[in-house]
Amino acid sequence: MKKILAGAVAALLATSLVSAEGFKLSGNVRGGWSNIIDNLDTNNDGDEDTAESTTKTWLPGDYFGGSTRSRLNLKWDAEGDVAGAFLRYQYSGTAEKWTTGDVKYAYAYVNPLNGLLTVSAGRLMDNWIGSDGYEGFSAFDGKNGFYAGVNPIEGLSIGGGAVVDYLDSKDTDKYTALTTYDADGNVTGTYYTKTTTSSHRASKKQVYFGAKYAKEDVFSVAAGAVLAGEFYANVNINAVKDLLLAFEYDHASDDILDDGTSAYSAENTFVEQVEYTGVENLLVGVFSYQFLNDHSIADDSNLVVTITPYAKYEINETFGASLESTITINSYDDAPDTFATIVPAFYVKANDKAKASLWALISTDKDQAKHQIGTGVSFSF
């Protein structure tokens, strides 16, 4: 993987030296420190009574929050957007256990016939038929394969392709006989070494298709399906100035959930979002998830609902503040009680791309989520 990454980076950098036009380097580095109150049992008395100090969280919360992360984007677009390539190298995790991370996206694309066609291959980012909603459902985002589509009119994309990620992996063992000899060259014995290789057997399960139509500043609609057993749909409405309404749905079959090839564990996932930015320096909104028949829960008939209201206010060019809360409601046999987490945060900004935060997480049920305090720094370039 390191050699592949180095080669891709070198190729993109070499291209930029030939012609810097169209080449862009961007990214984000964010890190944090937090103290999770009473999260450890260090004296083996069965009572969690010791705080845990960690660098895994930049800022808690489902909207403004996220983990410690390093991200590097390398992008090249030919003049007229007729072709290009994109690579994203990303690591997420605790700062003290930093590793080389992973290639999240690495693909090339072409738009021949004056943009009527689009063909892309590699580890794909869905820029064509994915959901525009808060969750961003997709049939192939972050997966390995190809996409081919047509763009018959402005704003409309219709296409499909195949990815290997939906296929079952087959391991093949190969045994090689090796003979041993003594100092005089006489055969003393034979032993075998085993080499295991993994492969994917081609199947219709890898096929996906979908379409999206977007009319700028009015609405967008999208839908897609995977023959492996998943379907999604989305409607975004932004016809009213500064107001966004988004609705998403994803269905995953038992087969795709049991195979572990879906990014989700529920048979049905619904997502709604309302957001308003019509007041100067103020962002307010709410989103909600409903997970129906989650396979990670023993009760086959279950419902989990989360509701997250959020707000952020830019006090001035230097200071800002945010507040969000996630309420979790469980409905099934032996379900835990309804509880909420509340995350207030205060920001100090050096400029539009660099800021530090001071935050707290307050939980209404310490058995399900612990109180936390912490700080974080984020820089984008």
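The values are calculated or read from the model by the stated rules, or taken from the named source; none is laboratory data. Note that the structure is predicted; figures quoted are calculated from it, not measured. In this analysis, Cβ positions are derived from the backbone assuming ideal geometry, glycine residues included, and neighbour counts consider all displayed protein chains.
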Positions within the range 42-85 being more than 26 Å from Gly376 (Cα to Cα) and without any contact (Cβ under 8 Å) to a residue 40 or more places away in the chain, in sequence order: Thr42, Asn43, Asn44, Asp45, Gly46, Asp47, Gly80, Asp81, Val82, Ala83
Residue satisfying condition, being surrounded by fewer than 21 Cβ atoms within 10 Å (Cβ to Cβ) and within 22 Å of the chain's Cα centre (by Cα), within set Gly122, Gly115, Gly133, Gly161: Gly122
Number of the exception - Ile307 against (1) over 30 Å from Tyr232 (Cβ atoms); (2) out of contact with any Phe, Trp or Tyr (no Cβ under 7 Å at 6 or more places or on another chain): (1)
Filtered residue count, the range 273-317, keeping only those that are among the polar types (S, T, N, Q), buried (at least 16 other Cβ atoms within 10 Å of the Cβ) and in contact (Cβ under 8 Å) with a residue 24 or more places away in the chain: 5
Within the range 242-255, tally of residues that are part of a strand (DSSP E or B) and either within 20 Å of the chain's Cα centre (by Cα) or at pLDDT below 95 (or both): 7
Number of the exception - Glu48 against (1) crowded, with 17+ Cβ neighbours inside 10 Å; (2) in a strand (DSSP E or B); (3) of a type outside the set (S, T, N, Q); (4) at pLDDT below 90: (2)
Single match in Ala228, Ala222, Ala239 (criterion: among the aliphatic types (A, V, I, L, M), part of a loop (DSSP other than H, G, I, E, B), modelled with pLDDT of 85 or more and crowded, with 19+ Cβ neighbours inside 10 Å): Ala228
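How many residues does the range 337-381 hold that are among the aromatic types (Phe, Trp, Tyr), over 21 Å from Tyr313 (Cβ atoms) and free of Cβ contacts under 8 Å to residues at least 40 places away in the same chain?
Of the residues in that region, 1 qualify.
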Candidates Asp255, Asp300, Asp259, filtered to the one that is out of contact with any helix residue (DSSP H, G or I) (no Cβ under 9 Å at 6 or more places or on another chain) and acidic (Asp, Glu): Asp300
Evaluation of Ser198 against (1) more than 22 Å from the chain's Cα centre (by Cα); (2) modelled with pLDDT of 80 or more; (3) within 19 Å of Asn144 (Cβ to Cβ) (one fails), failing number: (2)
Restricting the range 156-177 to residues that are out of contact with any Lys or Arg (no Cβ under 6 Å at 6 or more places or on another chain) and small (Gly, Ala, Ser), the residue that is farthest from Glu216 (Cα to Cα): Ala177
Pair list, Cβ < 7 Å and 6+ apart or interchain, from the range 20-32 residues that are touching a residue at least 40 places away in the same chain (Cβ under 8 Å) and at negative phi to residues that are in a loop (DSSP other than H, G, I, E, B) and of a type in the set (Val, Ile, Thr): Arg30/Thr68; Gly31/Thr55; Gly31/Thr68; Gly32/Thr55; Gly32/Thr68
Some residue of the range 233-244 being under 30 Å from Asp367 (Cβ atoms), in contact with a Ser or Thr (Cβ under 8 Å, 6 or more places away or on another chain) and of a type in the set (A, V, I, L, M, F, W, C): no
Check on Tyr289, in contact with a Leu (Cβ under 6 Å, 6 or more places away or on another chain), among the aromatic types (Phe, Trp, Tyr) and in a strand (DSSP E or B): no
